[in-house]
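Where a number appears in this text, it was derived from the coordinates with a stated rule and is not lab data. No experiment lies behind these values; they were computed from the predicted model shown. Virtual Cβ from ideal backbone geometry, glycine too; neighbours counted across all protein chains shown.
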Amino acid sequence: MKKIRNPWLHKEGYKCFGCSPDNPMGLKMEFNEDGENVVCIWHSSEYYQGWINTLHGGIESTLLDECCGWVVTHKLKTTGVTSQLNVRFLKPISTLEPQLIIRAHLVEMKRNLAFIDAEIINGKGEVCTTAQSIYYTYPHDKAIEMGWED
């Protein structure tokens, strides 16, 4: 796996809940490239629980959505917004898991729509949560105008 450089580090106003290391309440996700996949190895904490020692479904959804967004940023070299996110919760995830793997990849492009699949895998290698997302992607010039950096 190859680490993906976060192009927004130290950019004024950058406080993304998913990936900013400077957001004290955020998830602080970092990403790697593994072939066609964008991968995050993430460590949970008790602060992200819904039920006792159980990862909150909204946090799971955010992990998946953020990883899909990095497919757009890194693989498609642009930016976009989530148009649709369909999440399936297959198995509860413990907040005591030493690490989770979040993985996403592009399935298909239709004009400016990116269809991306993602999953969360626990320490036993079990797929616990899946998502199918559709991202509306911006043309490269619009992405740059919005602050995207190559």
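Counting alpha carbon pairs within less than 8 Å and at least 6 residues apart, what relative contact order, in whole percent, applies to segment 56-133?
Value for segment 56-133: 34 percent.
Straight-line reach only, C-alpha to C-alpha below 25 angstrom: list the lysines that Lys77 could link to, leaving out same-chain residues fewer than 8 apart.
Result set, ordered by chain and number: Lys2, Lys3, Lys11, Lys15, Lys28, Lys110, Lys142.
Tell me, in nm to one decimal, what length is gained between Lys15 and Val107 on full extension, where the rule is 0.36 nm per residue of separation less the Cα-Cα distance?
Here the segment from Lys15 to Val107 would lengthen by 30.2 nm.
If a/c stays under 1.5 just call it rounded; otherwise compare a/b with b/c (prolate if a/b is bigger, oblate if not). Do that for segment 1-49, with a ≥ b ≥ c from the square roots of the Cα gyration tensor eigenvalues.
Cα axes put segment 1-49 in the oblate bin.
Please list 3J(HN,Hα) in residue order for segment 70-78, calculated via the Karplus relation 6.51 cos²θ - 1.76 cosθ + 1.60 where θ = phi - 60°; whole Hz, with x for glycine and proline.
Along segment 70-78, the couplings run 6, 5, 4, 5, 8, 7, 9, 6, 8 Hz.
Going 7 Å from the Cα of Gln84 in the Cα-to-Cβ direction, what parts of segment 98-130 have a backbone nitrogen less than 15 Å from that spot?
Backbone N within reach: 107-118.
Compare Lys28, Lys91, Lys75 in a GNM of the chain, Cα atoms joined below 10 Å, and give the one with the largest fluctuation.
Residue with maximal mean-square fluctuation among Lys28, Lys91, Lys75: Lys91.
Give me the Å³ per residue figure for the convex hull around the C-alpha atoms of segment 54-143.
Expressed per residue, the convex hull around the Cα atoms of segment 54-143 is 84 Å³.
Determine the calculated [θ] at 222 nm for the chain from helices alone, applying -39500 (n - 2.57) to every DSSP H run no shorter than 4 residues and normalising by the residue count; nearest 500 deg cm²/dmol.
For the chain, the value works out to -4000 deg cm²/dmol.
Which order results if Ser45, Ser133, Ser83 are arranged by neighbouring Cβ count within 10 Å, fewest first?
Going from sparsest to densest Cβ surroundings: Ser45, Ser83, Ser133.
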